[in-house]
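Notes for the one structure printed next.
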Amino acid sequence: MPRAKPTVVRLHELTPGQHADFFALLAERTRGATRDGKPFYTCRFRDLQRTVSFMVWADGGHFEACEGEWKVGQFFKIRGMLTEHERYGLQVDVQQLRPVVDADRAEGFEPAEFVEGSRCDADAMLAELRAEVEKHIADVPLRRLVLTILDRHAEPLKRLPATQRHFYPFPGGLLEHTLSVTRSCIDLAERYAARYPDLQPPLNRDLVTAGAALHDIGRVLELTDELIEVRRTPAGGLLGHLFLAQNLVRDTARELGDVNPELLLLLEHLIISHLNHPEWGSPRLPLLPECLILHHADDLDAKLEMYTRCLMKDRADGPFTDRDPALGKQLFKGRTV
């Protein structure tokens, strides 16, 4: 007897060993080569709550289509079995695969279900960020510089993710991350300024606030403003968001003409050094105490969002989550306190 047609289920509802049809977004397609020089592709398919890998080998049945036809951001209907690899996490053994068609809506396909968004209203977040800048940057030309940049790039700032895959990878994530980092930096700057009152020159709280509000503003030029597939622009690929932000700040300051040159130089240093680690893309090491505040507030906010999203979305059995591709590990979720 012919095998019955599998039930259509959501990707995040699949259990290891289950054979089913599901819809998925191709989130990543990376070409590689074996030790023998044979090409292969590592593909990652996702819905909002789960990402699975599919290895496309040169001698497999999908290689030609993967290489010549599949595009990141494309939706597919997949028939296959979910498996779990001890080292590489969740994978899918694909039997059949094709791009979605309009008729798939009758079986529950809805593109909007694959697009995550910020929990917060973008207009409200932007208003809150502007309010923090207005309240905590006393230097008038510096405050005007920051507000001018935020206002000119408000729309992409409200729509873009903070990163493509790692932290806050959803529309509005860039603004949510920026607001969170700015608030943390303001709190830390106030605390440490009070703790070290004899430091000369004192911690510059204006500088910390400005650096926090603009530390990732280069993303608006680094990333394309698209709903499903956010990609790097040519400028983003060639320069990266740090140098793009530096150029943006410098050009705007030159246009306004009244920002203190030394303060501008220090702000540029905060922006290009806030990643701290060269392997993360930082071209300079932090040379100011204000840089430490920004770096650690930024890193903590990014990491905590990654941990929280992994724990809240995980559906694995047992006390540990599935291996998170961005974190590169499982997290413990079995605690009771």
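The values are calculated or read from the model by the stated rules, or taken from the named source; none is laboratory data. No experiment lies behind these values; they were computed from the predicted model shown. Cβ coordinates were reconstructed from backbone atoms using ideal geometry, including for glycine residues, and neighbour counts include every protein chain displayed.
Considering only the range 98-111, I want to know if a residue exists there that is among the hydrophobic types (A, V, I, L, M, F, W, C) and closer than 26 Å to Arg323 by Cα. Looking for residues that are among the hydrophobic types (A, V, I, L, M, F, W, C) and closer than 26 Å to Arg323 by Cα, one finds none in the range 98-111, hence no. Within the option set Gly73, Gly108, being surrounded by fewer than 17 Cβ atoms within 10 Å (Cβ to Cβ), farther than 21 Å from Leu14 by Cβ and not aromatic (Phe, Trp, Tyr) holds for one residue only, Gly73. Just one of (1) in contact (Cβ under 8 Å) with a residue 24 or more places away in the chain; (2) among the hydroxyl-bearing types (Ser, Thr, Tyr); (3) over 29 Å from Leu160 (Cβ atoms) fails for Ser53. It is (3).
Under 7 Å between Cβ atoms, at least 6 apart or on separate chains: pull out the pairs that start in the range 148-167 with a residue that is assigned by TED's automatic domain parsing to the domain that holds Ile137 and end on any residue that is outside any helix (DSSP H, G or I) and among the hydroxyl-bearing types (Ser, Thr, Tyr). These pairs meet every condition: Pro161/Tyr168; Ala162/Tyr168. Kindly check whether there is at least one residue in the range 11-27 that is surrounded by fewer than 16 Cβ atoms within 10 Å (Cβ to Cβ) and over 26 Å from Gly318 (Cα atoms). No, every residue in the range 11-27 fails to be surrounded by fewer than 16 Cβ atoms within 10 Å (Cβ to Cβ) and over 26 Å from Gly318 (Cα atoms). Looking only at the range 200-225, which residues are surrounded by fewer than 21 Cβ atoms within 10 Å (Cβ to Cβ), without any contact (Cβ under 8 Å) to a residue 60 or more places away in the chain and either closer than 22 Å to Arg144 by Cβ or touching a helix residue (DSSP H, G or I) at 6+ places or on another chain (Cβ under 9 Å) (or both)? If the condition is that a residue be surrounded by fewer than 21 Cβ atoms within 10 Å (Cβ to Cβ), without any contact (Cβ under 8 Å) to a residue 60 or more places away in the chain and either closer than 22 Å to Arg144 by Cβ or touching a helix residue (DSSP H, G or I) at 6+ places or on another chain (Cβ under 9 Å) (or both), then Pro202, Leu221, Thr224 are the ones that fit. Filtering the range 204-230 to residues that are assigned to a helix (DSSP H, G or I) and under 16 Å from the mean Cα position of the chain (by Cα) leaves Arg219, Val220, Leu221, Glu222.
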